[in-house]
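A short write-up of the structure that comes next.
The values are calculated or read from the model by the stated rules, or taken from the named source; none is laboratory data. Bear in mind the structure is a predicted one, so any value in this text is a computation, not a measurement. Note that each Cβ is placed from the backbone with ideal geometry, even for glycine, and that neighbours are counted across all protein chains shown. When the accessible area is computed, the model is the full protein with side chains, heavy atoms only, and any ligands, DNA or RNA have been set aside. Shrake-Rupley method; radii C 1.70, N 1.55, O 1.52, S 1.80 Å.
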Amino acid sequence: MKNTAFTASSLRSSSRRHHFLKPALGLALTLATASAFAQTSMKLATVVWVGYGPFYVADALDLYKKYKLKVSLQVFNDPALIPAAIASGAVDGGMLTYDQVVGQVAAGRAMKVVMPIDYSNGGDAIVADGSIGKVADFKGKKIGYNPLSPSDFLLSYALKTVNLSEKDISPVSMTPEAVPAAMASGALPIGVTYEPSLSQVLGQGGGKKFKVVFSSKDAPGLIADVLVFDDKVIKAKPTEITGIMKAYLDGLAYMKAKPDEANKIIGKFMGVSAAEVKEQLGGVYNIPAAEMPKAFMKAKETTSYYASGDIIGQLLLAKGQIKTVPATEATFDAALVKALAK
């Protein structure tokens with residue numbers, strides 16, 4: 001946080017040291033000193049997700065300060081509400097999953113990814129009881145998942161790999177948090193969820209009752225978290241957004257240099273223990289600066305927005321959620337990441 005006491009004290013001290021200068025010059029120096037400490041306030045929408053750990057570290061340690069920023073994280077319980085908050089200007093930007101961006105752009109909104117944050121690498125999974133051995137066994141079975149969410153995309157992708165679709169299963173709508181209890185009751189043989197609910201499912205019955213059949217490790221990049229701003233904000237505040245991105249990278253560096261301390265900070269924000277943070281971090285991959293440009297390049301791997309965006313777009317189209325699949329180039333602005341990589 002900005003140290004206002006230090007700033008005021010410095011200004012008063014400067015004024016005393018230069019009392020012999022002409023009044024106009026003295027005022028100019030005072031204003032210049034004030035400008036050096038000026039901070040721009042930015043609001044970022046987020047949800048509680050371990051992949052956003054570098055931002056939580058940056059917040060706790062105020063790593064934004066050296067970039068002359070005061071960033072406040074606005075926590076949303078429902079990520080579906082974040083796009084509207086960005087569009088209305090209630091927040092400057094936010095952390096979304098890439099599928100949300102595709103849907104927003106398809107609806108005509110000028111929201112763009114400026115930086116890849118992470119992708120799920122096992123943190124999202126389809127879990128099942130002992131009667132299910134492979135994805136092909138899903139046919140005709142009840143499967144609990146949250147429609148039009150990352151869980152839905154993971155399930156749809158998994159079914160597609162064995163030439164099945166939603167028509168071949170019995171969908172049961174529920175939140176990821178409801179999956180552990182539903183499966184524990186025996187009412188549900190298969191569920192799609194993510195951390196920390198995933199660990200809750202797998203921990204039942206001494207770790208022998210349920211298993212992972214398909215996870216985001218099998219489709220790296222499909223469930224990707226991204227930093228998003230409206231196009232107008234990107235054009236108006238490129239320096240500020242770059243500062244946020246640099247603070248994220250500083251937070252990531254801190255996590256690698258002092259993992260134990262970082263896990264405590266992240267755990268405090270998330271309301272879980274440091275040990276749980278360490279375990280959950282194993283299911284995500286935070287993207288370092290050197291690898292960020294790859295997300296914006298054309299490639300067949302789902303770590304590229306061109307590949308994952310096409311899969312997501314086609315699934316949304318098939319479900320009637322969008323009328324046309326937007327051009328991948330319309331979903332991002334890679335300029336700031338490219339500048340960082342230089």
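Condition check: under 18 Å from Leu198 (Cα atoms), touching a residue at least 24 places away in the same chain (Cβ under 8 Å) and of a type outside the set (Ser, Thr, Tyr). Does Gly93 satisfy that? Against the criterion (under 18 Å from Leu198 (Cα atoms), touching a residue at least 24 places away in the same chain (Cβ under 8 Å) and of a type outside the set (Ser, Thr, Tyr)), Gly93 does not qualify.
In region 144-155, the count of residues that are farther than 19 Å from Ala219 by Cα and touching a residue at least 60 places away in the same chain (Cβ under 8 Å) is zero. Take the residues in region 130-140 that are at pLDDT 95 or above and in contact with a helix residue (DSSP H, G or I) (Cβ under 9 Å, 6 or more places away or on another chain), then tell me which one is surrounded by the fewest Cβ atoms within 10 Å (Cβ to Cβ). So, considering only residues that are at pLDDT 95 or above and in contact with a helix residue (DSSP H, G or I) (Cβ under 9 Å, 6 or more places away or on another chain), the one surrounded by the fewest Cβ atoms within 10 Å (Cβ to Cβ) is Gly140. Within region 198-208, the set of residues being open to solvent by 10 Å² or more (accessible area, probe 1.4 Å) and either free of Cβ contacts under 8 Å to residues at least 60 places away in the same chain or closer than 10 Å to Val127 by Cβ (or both) comprises Gln200, Leu202, Gly203, Gln204, Gly205, Gly206, Gly207, Lys208. Does region 137-149 include one or more residues that are under 21 Å from Val228 (Cα atoms) and either within 20 Å of the chain's Cα centre (by Cα) or assigned to a strand (DSSP E or B) (or both)? There is at least one residue in region 137-149 that is under 21 Å from Val228 (Cα atoms) and either within 20 Å of the chain's Cα centre (by Cα) or assigned to a strand (DSSP E or B) (or both).
Could you check region 189-215 and list, in sequence order, the residues that are among the small types (Gly, Ala, Ser), within 20 Å of Gly267 (Cβ to Cβ) and not in a helix (DSSP H, G or I)? Passing the criteria: only Gly203. For region 76-112, the set of residues classified as open to solvent by 50 Å² or more (accessible area, probe 1.4 Å) and either part of a helix (DSSP H, G or I) or of a type in the set (Phe, Trp, Tyr) (or both) consists of Pro79, Ala80, Leu81, Ala84, Ala87, Ser88, listed by residue number. Please go through region 62-76 and pick out each residue that is out of contact with any helix residue (DSSP H, G or I) (no Cβ under 7 Å at 6 or more places or on another chain) and within 18 Å of Ala257 (Cβ to Cβ). Residues satisfying the conditions are Asp62, Lys66. For Leu281, the conditions (1) surrounded by 18 or more Cβ atoms within 10 Å (Cβ to Cβ); (2) on the phi > 0 side of the Ramachandran plot are fulfilled apart from (2). Of the listed requirements (1) over 28 Å from Gly309 (Cβ atoms); (2) within 29 Å of the chain's Cα centre (by Cα); (3) among the β-branched types (Val, Ile, Thr), Ile132 misses just one: (2). Leu155 meets the conditions (1) outside any helix (DSSP H, G or I); (2) open to solvent by less than 30 Å² (accessible area, probe 1.4 Å); (3) not hydroxyl-bearing (Ser, Thr, Tyr) in every case but one. The failed one is (1). When region 37-75 is limited to residues that are of a type in the set (Gly, Ala, Ser) and outside any helix (DSSP H, G or I), the one that is most open to solvent (accessible area, probe 1.4 Å) turns out to be Ser41.
Mind checking which residues of region 215-263 are open to solvent by 20 Å² or more (accessible area, probe 1.4 Å) and within 21 Å of Leu155 (Cα to Cα)? Talk me through it step by step, then tell me what you get.
Residues of region 215-263 that are open to solvent by 20 Å² or more (accessible area, probe 1.4 Å), as a first pass: 217-218, 220, 230-233, 235-240, 242, 246, 249-250, 253-261.
Lys217, Asp218, Pro220, listed by residue number.
Residues in region 113-129 that are part of a strand (DSSP E or B) and either open to solvent by less than 10 Å² (accessible area, probe 1.4 Å) or without any contact (Cβ under 8 Å) to a residue 60 or more places away in the chain (or both): Val113, Val114, Met115, Pro116, Ile117, Asp118, Ser120, Asp124, Ala125, Ile126, Val127, Ala128.
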